[in-house]
Amino acid sequence: MESLYRELILDHYRHPHAKGLAESFDGESFQVNPMCGDQVRLRVTVTPASSADDATLADVTWDGGGCSISQASTSVMSDLVRGLDLAHVEEVAGVFARLMHSRGLGLGNDADEDVLGDAIAFEGVAQYPARVKCALLGWMALKDALAKAVAGDRSPARIPEGFA
Amino acid sequence: MTDSSPAPEEGASCVTSFTWECRGMTDSSPASEEDAPAEPITAREVDRIRRDFPILERRVRSGRRLVYLDTAATAQRPVCVSAAMTSFSSASYGAVHRGAHRLAEEATDAFEEARTRVARFFGVAGDEIVFTSGTTAALNLVAFALAEIAAGPATGSAVPVIRPGDRILLTEAEHHANLVPWQRLARRTGADLAWIRLGPDGRLGLDDLDTLVTPRTRVIAFTHASNVTGAITDVARLVAAARAVGAMTVLDAAQSAPHLPVDFRALGVDVAAVSAHKMLGPTGIGALYGRAEILDALPPVATGGSMVEIVTMTEATFQPPPARFEAGTQAVTEAVGWAAALDYLSHLGMDRVAAREATLTARLLAGVAGLDGVRVLGPDRAVARTGAVAVEIAGVHPHDAGQYLDDLGIAVRVGHHCAQPVHRALGVTASTRASLGVYTTEAEVDAFVEALGEVRAYFGAAR
Ligand SMILES: Cc1ncc(COP(=O)(O)O)c(C=O)c1O
């Protein structure tokens, strides 16, 4: 279990970073796993706004509730991607998804591991297939919010009935 | 007929080579039938029972001994269940209700004997038992058959013809299997869906039953025991309310049949559904019980082989129940295994099983009551409830709790247990559920309570 609940994960769960939604945003997403109630609402600002090519992810904030893996993963992700240009964000997200689908075999590549920074702590999650979705929830919200920002869609995310 | 070497047991009755008896490897010979009242199941008897369940000796995560507390999801099976299935397969397997050869006869006898045994276990007649793949299939069968009736011309019969504006009454305690089929039936027929709400104690609030049961109520579908709260429903009260308006009663007995004596005739329900895999039997088999007049009046849902009489290129006539509802090749081997499992339970005595589990449930509830930040969802005393105990752990998500327990070898269910409305009614999204079986020990209950007491500190939720 230590491989799953690394101290870094528990730290982020107890003291999440970037939690608390910013007032203004360029894109917002709400992601929920209806099976267990894990939820993440996430906002991004992008500079220069609505320019796909050389834009930078200026800020990420989020709010949510759920299991330690989903909440800590969103917290670690926020630190990792803030300030990166969007192409770079996509690369990191791709490496993280690959790690999650590695069935615990890891990435087998130091360069990729470096890209992930603290997010490599979630390596153990990949051994528990039922938890992979939890770890990816915040990343899905990020991808969705960025897509909206790039498309100039500043509409608030739709929140299904029964979720706050 | 020219065979020169007849088998020695030729002429003996069918099904000679396998036994239905499922009495355990170390027959524990509990109280004999004349003994009254029955002796309780002691810890020593549980030790003997456990020898029939080798899986309970398994080591799981980091070499820990398995503590299996997920019986409400699926029960473990005694070895005599698989032994009955294996011996049937080796001795008497063939096509049921098809063909006239010896094995076909023996297999047909075995299948029908299994039906008789299931019927006897539930206090009903053999032709009132329809084999299905389980509770879900049985409940869907009823809902689809009622939809078929509603789509046709009105006929005066034992089952309701549901019209727009009629009412289908459910409860907030339902497993999705006894909820979603009725939602679809309501949508198809234009009926209105109403439900009995859960009170804060997790039991059905029956105070406004008289207003919920309107003269246009056609169906009342309810669970006998909740798979989340463990609460046992006052069936007599609901059956009386249904009778007063001529509504049909549908009982989901998936969680009661494994843990209490259940007699469908005595309960007075019109139809009921059960699954073998929750009562020490195999997966893939279960039953729909239907009062004879009800089954007679229901049309088939699945059609095809084995359920017809005369078939032309344009038409077919259907067999009487139960064959009418058993289209296609049935789970014959599983039916035999289920009957063996029922023999095992009957031998223990369902009243003794219920008493044993109540004792353990009381221990579990008392243990949990001593933990800070842990709330039982449902009745917190071991009265009129089963040993399915779901809890909310303040500040800890059920996934995390389940993972912590799993690491100690303790298997529980986390999530919404296919009962989202129950959770919503109790103000949570998901829960952590421990559920007991006849093989559960005091030590296992204590291990669970102890581990549960550590969870909040581990995740930083306890101050
Ligand atoms: C109360 C209740 N009803 C119905 C079911 C569905 O049973 P099955 O999955 O065997 O069809 C279950 C099992 O999860 C249950 O607990």
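A few comments on the model shown:
- Förster radius 60 Å - calculated FRET efficiency between B:Thr214 and A:His88 (Cβ-Cβ, nearest 0.05): 0.40
- A:Met35 exposes around 110 Å² of accessible area when a 1.4 Å probe is run over every protein chain in place.
- Qualifying GluC sites (Glu not before Pro) for region B:277-364 [loop in DSSP, other Cβ within 10 Å: at most 13]: B:Glu315
- Between the amide H of B:Gly387 and those of B:Leu436, distances stay under 5 Å, these residues lying 5 or more places away or on another chain, with hydrogens modeled in the peptide plane.
- Of the residues B:His347, B:His101, B:His416, the one with the largest accessible area comes first in the ranking B:His101, B:His347, B:His416, computed with a 1.4 Å probe on protein heavy atoms.
- Solvent-accessible surface (1.4 Å probe) assigned to B:Tyr404 amounts to roughly 30 Å².
- Cα-based reach from A:Lys19 at 19 Å (exclusive), listing lysines while leaving out same-chain residues under 8 positions away: A:Lys143
- Chain B, helix-only ellipticity at 222 nm - DSSP H runs n ≥ 4, -39,500 (n - 2.57), divided by all residues, nearest 500: -11000 deg cm²/dmol
- Portion, in percent, of the accessible area of chain B that falls on carbon or sulfur, probe 1.4 Å: 52 percent
The values are calculated or read from the model by the stated rules, or taken from the named source; none is laboratory data. The model shown is predicted, which means the values in this text are computed figures rather than measured ones. Here the Cβ is made from the backbone with ideal geometry for all residues, glycine too, and neighbour counts use every protein chain on show. Accessible surface is based on the protein model in full, side chains and every heavy atom, while ligands, DNA and RNA are left aside. Shrake-Rupley method; radii C 1.70, N 1.55, O 1.52, S 1.80 Å.
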